[in-house]
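The values are calculated or read from the model by the stated rules, or taken from the named source; none is laboratory data. All figures in this text were calculated on a predicted structure; none of them were measured in a lab. Every residue, glycine among them, receives a Cβ derived from its backbone with ideal geometry; neighbour counts consider all protein chains shown.
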Amino acid sequence: MEKILNYINGQLVEPASGKYIENINPSIGSVYSLIPDSDASDVQKAVQSAQASFPLWSAIPLEKRASILNTIANLIDRDLDKLALAESVDQGKPLKLARAVDIPRASANMRFYATASMHMSSESHLMEGEAINYTTRTPIGVAGCISPWNLPLYLFTWKIAPALAAGCTVVAKPSELTPMTAFLFSKLCIEAGLPAGVLNIVHGLGNKVGQAIVEHPNVSAISFTGGTVTGKTIAATAAPMFKKLSLELGGKNPNIIFADCDFEQAVSTSINSSFSNQGEICLCGSRILVEQSLFDKFVGEFVKRTKELTVGDPLEESTRMGALVSEPHMNKVLSYIELAKKEGGQILCGGKRITISGRCANGYFVEPTVIVGLDQQCRTNQEEIFGPVVTIMPFDSEEEVISFANSSAYGLSATVWTENLKRAHRVAHQIKSGIIWINCWLLRDLRTPFGGMKQSGVGREGGWEALKFFTETKNVCVKL
Ligand code: NAD
């Protein structure tokens, strides 16, 4: 069985413990590879090698740094089919989606930050006749990058690329549920000539490897994407050590549909924003709020199209929804459907595990599920389910829907559907979320700030924000 290896000091190495964790293919429900069960001693080696390579990497000419990152991007493109297959097998997502979205975005992340680093400039502030200030931004040192399982290589590179581009060296940990593309990525880094120790990837469990990265005194900044509960633990560990923290956490995003929307666009995009990647995207609009006069028409059409979605073998071209990432996660999603029933919800379609015939008979598939009749405050509408489950609720007025949208402890993203431009701006302004999409969803410009308010996180990724995060700022004031 294939063994995944750690990538430390430029070498692919076994974990110090010699132990491995089983890696399950969620669409067939069986073990297909082994993941290093690393511990603090592996993290220690990774941090040491990152520290040792920092003087070289932080001082390397920008053009050279950018050229290596661009080479990695080119190698990702070269291996598109192989990486997409690996992502689909590891995560359960349709191969088609991995090929169209996940892997192209991973190379785009590398290329975007390779180029961006060449455009970073310092600021200067003149105090007329008195002094001149200049502000430098230097790489912060060793950065810890910890990523989740839903968009594995996409989110892994979204952190690593700006950290490396800023001149930091990195100790990174992908999710133990989806480590395969990070392993393949480490081989591409070697092929691209990334100097040894600049990027180190330590595989294993969050509470062992992740925790050891966060606790390590020589890791100066932590960039984390994952659940809000884990984010709290990380913040509690890192804050007393005065580490820089970027936390991208969960969401319970409202999808607001006014009666004057472009109905066809609103329905078809809402199907995507509800069920893409099996609903396992932090930006999915899991609470659909529809203006009362459009409610019945919208629900009827939405349910009809949800029933048409093909759930099945992720490797088949016709599959729209694959398997959920793991059996425990599937059970969590199913338990929320049961909770919704207890809370008075009516299941209009879906609601059950599906058994697919053939090779995927033991996979973790759940029907796309639409629920109505729930109160805004119930747990189903307040807690992140992170699966193919949406609720639809009516609203009467703009004021009411804004209060519904803001009733969540989360504040990651929101979508608004209306043809009334003034209203679109008004509503966008009042929703307490870091990302608002008007008449679209998941339309991403990598230059824009990305992140959430409230319990959806601290700080922003994307564009300059991420490059700045991985640097330390110094102001020098020179008296004239
Ligand atoms: P998770 O919090 O369980 O795990 C995320 C990562 O943290 C994994 O690599 C895990 O091993 C590691 N980890 C776990 N415990 C740790 C600890 N004590 N110290 C350090 N690292 C630790 O999250 P998940 O289940 O992998 O991902 C799903 C969650 O991620 C959802 O809540 C989703 O909304 C969120 N997410 C957010 C964004 C965003 O950009 N805001 C994007 C994708 C996913």
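Below is a table of values for the structure above.
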| quantity | calculated |
| --- | --- |
| Condition check for residue 158: closer than 20 Å to residue 445 by Cα, within 16 Å of the ligand (Cβ to nearest atom), in contact (Cβ under 8 Å) with a residue 40 or more places away in the chain and in contact with an Asp or Glu (Cβ under 9 Å, 6 or more places away or on another chain) | yes |
| Residue satisfying all of: in the stretch 428-460; charged (D, E, K, R) and within 16 Å of the ligand (Cβ to nearest atom); nearest to residue 267 (Cα to Cα) among these | 444 |
| Counted residues, the stretch 306-334 - those being under 27 Å from the mean Cα position of the chain (by Cα) and assigned to a helix (DSSP H, G or I) | 9 |
| Cβ pairs under 7 Å, 6+ apart, first in the stretch 378-398 and farther than 22 Å from residue 277 by Cβ, second more than 16 Å from the ligand (Cβ to nearest atom) and not hydrophobic (A, V, I, L, M, F, W, C) | 378/343; 379/343; 393/376; 394/292; 395/291; 395/292; 396/292; 398/423 |
| Which listed residue, of 440, 477, is touching a strand residue (DSSP E or B) at 6+ places or on another chain (Cβ under 9 Å), within 18 Å of residue 261 (Cα to Cα) and exposed (fewer than 13 other Cβ atoms within 10 Å of the Cβ) | 440 |
| Sole exception among (1) more than 16 Å from the ligand (Cβ to nearest atom); (2) aliphatic (A, V, I, L, M); (3) buried (at least 16 other Cβ atoms within 10 Å of the Cβ) for residue 389, by number | (1) |
| Answer residue from the stretch 217-243, given it is part of a strand (DSSP E or B) and not aliphatic (A, V, I, L, M) and is farthest from the ligand (Cβ to nearest atom) among those | 223 |
| Qualifying residue in the stretch 48-63 (condition: of a type outside the set (A, V, I, L, M, F, W, C), without any contact (Cβ under 8 Å) to a residue 60 or more places away in the chain and within 27 Å of residue 450 (Cα to Cα)) | yes |
| Residue in the stretch 249-293 that is farthest from residue 352 (Cα to Cα), counting only those that are in contact with a Lys or Arg (Cβ under 9 Å, 6 or more places away or on another chain) and among the acidic types (Asp, Glu) | 260 |
| Residue 135, sole failed condition from (1) within 14 Å of the ligand (Cβ to nearest atom); (2) over 23 Å from residue 67 (Cβ atoms) | (1) |
| Test result for residue 353, out of contact with any strand residue (DSSP E or B) (no Cβ under 6 Å at 6 or more places or on another chain), of a type in the set (Lys, Arg) and over 26 Å from residue 456 (Cα atoms) | no |
| Some residue of the stretch 168-177 being within 10 Å of the ligand (Cβ to nearest atom) and of a type in the set (Lys, Arg) | yes |
| Residue 118 vs. criteria over 25 Å from the mean Cα position of the chain (by Cα), modelled with pLDDT under 95 and either hydrophobic (A, V, I, L, M, F, W, C) or surrounded by 14 or more Cβ atoms within 10 Å (Cβ to Cβ) (or both) | yes |
| Inter-residue pairs, beta-carbon under 8 Å, first closer than 18 Å to residue 219 by Cα and modelled with pLDDT of 95 or more and in the stretch 230-257, second surrounded by fewer than 23 Cβ atoms within 10 Å (Cβ to Cβ) and among the basic types (Lys, Arg), 6+ apart | 246/460 |
| Long-range neighbours under 9 Å by Cβ, at least six apart or interchain, first residue at positive phi within the stretch 19-35, second buried (at least 18 other Cβ atoms within 10 Å of the Cβ) | 29/323; 29/360; 29/363; 29/364 |
| Residues within the stretch 33-83 that are within 15 Å of residue 15 (Cα to Cα) and assigned to a loop (DSSP other than H, G, I, E, B), tallied | 3 |
| Residue in the stretch 18-26 that is touching a Lys or Arg at 6+ places or on another chain (Cβ under 8 Å) and surrounded by fewer than 21 Cβ atoms within 10 Å (Cβ to Cβ) present | yes |
| Unmet criterion (only one of (1) over 19 Å from residue 205 (Cα atoms); (2) within 16 Å of the ligand (Cβ to nearest atom)) for residue 149 | (1) |
| Per-region count, the stretch 331-348, residues touching a residue at least 40 places away in the same chain (Cβ under 8 Å) and crowded, with 16+ Cβ neighbours inside 10 Å | 6 |
| Complete set of residues in the stretch 244-278 that are within 12 Å of the ligand (Cβ to nearest atom) and assigned to a loop (DSSP other than H, G, I, E, B) | 249, 250, 251, 252, 253 |
| Qualifying position, being assigned to a loop (DSSP other than H, G, I, E, B), more than 15 Å from the chain's Cα centre (by Cα) and either buried (at least 18 other Cβ atoms within 10 Å of the Cβ) or at pLDDT 95 or above (or both), among 448, 415 | 448 |
| Residue that is nearest to residue 384 (Cα to Cα) [pool: residues in the stretch 222-248 that are surrounded by fewer than 23 Cβ atoms within 10 Å (Cβ to Cβ) and aliphatic (A, V, I, L, M)] | 229 |
| Residue within the stretch 461-471 that is surrounded by fewer than 21 Cβ atoms within 10 Å (Cβ to Cβ), charged (D, E, K, R) and away from the ligand (no atom under 16 Å from the Cβ) present | yes |
